[in-house]
Amino acid sequence: MAETMVRMGELATSAVAGDVLVSLGLGSCIGLALLDRRLGVAGLAHVVLPSSGGNAPLGSWKFADYAVPELVDRVVKLGARRPMLEAVLVGGASMFAVSKSSLEVGQRNEAAVRELLREQHINVIAKETGGSRGRTIRVYVGSNKVTVKEAGGTEKPLIAGASVVAA
Amino acid sequence: MTRYTDTQLDALRELANIGSGTASTALSGMLGKSVDISVPNAFVLPMAEAVGSIGDPESDSTGVVLGIVGEMPGSVLLLFTPKDAELMCGLLGVEAGSEYGISALMEIGNIVGASYINALGQMIGMELEPTPPAAATDMLGAIVQSVLAERAGAGDVALLLDSDLVVEGEDCSVSFLLVPDQGGVEQMLERLGV
């Protein structure tokens, strides 16, 4: 079993049961997990900003408009079936209550990721987004468990195995 | 990825040094205690590595952030560990974690951050104004990432000028990050002539 850290602007995928994909302490960023639960293929993107404005260099995975299609391609290359893909979203908080612009970034990140998923016909089956708390997302490859943890809290499942806990 | 020469990093470090010197005087006046500053670090890091260089992303932290508006937009972020927050609040006679505790830390952030920003503006000859502070107590990663997303977001690298203010005899410190917008680094270096 290996834990892969997915840091700001990074993507990771795995089809190895027992692997865990992790983004620690998401604030306004979005942790986007994509899963083909039947085949046990999963990916995680750590999205920082909603849009590249169209002129960022290739590989700028921090932008939702680059990261979402790339993550879809990568899990499909690993064997996931495009129509079977499902998404879980964590993050998009506004950490600083007074700061209007950071509130916007979190909300805009979530809206952008949702819109891009809609274009790809991928359903969001669970989420823990918004608010003002930081969160850690863990994706357990193979067992298809996705968990979220807040500061000082315990790890709680967003989806556990085949059964959907929250939507 | 933008690279800076050692001379440029030294110049940025010196800027941080003078800024935090001014900030330490402000903190000292507020607490009525002598405050030392550590030798500042200047990190230019790929964004992915920036958070981990500061600390464990899941560790508890209180962050007070001030925006910089004017010729060189950016953010100043003060970070307190739970222990530092408690000691700092104790020195001001308020209870950490309470409403008063948070507003005391915000006031520290306000005075220290604003004096840092003013010193910076004077050194580089720019009009810089601090915005009112905002605070969050949460995971370190969530706090730092949100500031980076706002500021260094458009670039691939984050410039972090990091220094510690250490309250004498109290084993209590606050660390200090200046995160300029992407073009801001070049502007600062140009003004410094390096």
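The values are calculated or read from the model by the stated rules, or taken from the named source; none is laboratory data. These figures come from a predicted structure and were not determined experimentally. For neighbour counting, all protein chains shown are included, and Cβ atoms are generated from backbone atoms with ideal geometry for every residue, glycine included. Surface areas here come from the heavy atoms of the whole protein model, side chains and all, with no ligands, DNA or RNA. Shrake-Rupley method; radii C 1.70, N 1.55, O 1.52, S 1.80 Å.
One table, with the values for the structure above:
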read-out	value
Highest average packing first - B:56-67, B:127-138, Cβ atoms within 10 Å	B:56-67, B:127-138
Derived scalar couplings ³J(HN,Hα) [the stretch A:64-79; Karplus, 6.51 cos²θ - 1.76 cosθ + 1.60; whole Hz; x for Gly, Pro]	4, 5, 8, 5, 5, x, 5, 5, 4, 4, 5, 6, 5, 4, 7, x
Accessible area buried at the B-A interface, both sides summed, 1.4 Å probe (Å², nearest 100)	2200 Å²
Estimated dipole of chain B in Debye, rounded to 20 [Cβ of Lys and Arg +1, of Asp and Glu -1, Cα centre]	320 debye
Rounded, prolate or oblate (a/c below 1.5 giving rounded, otherwise prolate when a/b exceeds b/c) for chain A by Cα gyration tensor	oblate
Environment charge of A:MET84, counting only residues whose C-beta is closer than 13 Å and scoring Lys/Arg +1, Asp/Glu -1	+2
Of all accessible heavy-atom area on the stretch B:6-192, the percent that carbon and sulfur account for (1.4 Å)	49 percent
Of A:GLY27, A:GLY130, A:GLY79, the one that fluctuates the most in a GNM where chain A has Cα springs shorter than 10 Å	A:GLY79
Set of lysines with alpha-carbon distance to A:LYS149 below 26 Å, sequence-local pairs under 8 removed	A:LYS62, A:LYS100, A:LYS127, B:LYS83
Accessible area of chain A belonging to carbon and sulfur atoms, whole % at 1.4 Å probe	52 percent
Candidates A:PRO57, A:PRO157, A:PRO83, ranked by Gaussian network fluctuation over chain A, Cα under 10 Å, top entry	A:PRO57
Between helix B:82-91 and chain B: long-axis angle, C-alpha atoms, 0 to 90°, nearest 10	60 degrees
Euclidean distance of C-alpha centroids, the stretch B:43-105 and the stretch B:110-125, integer Å	17 Å
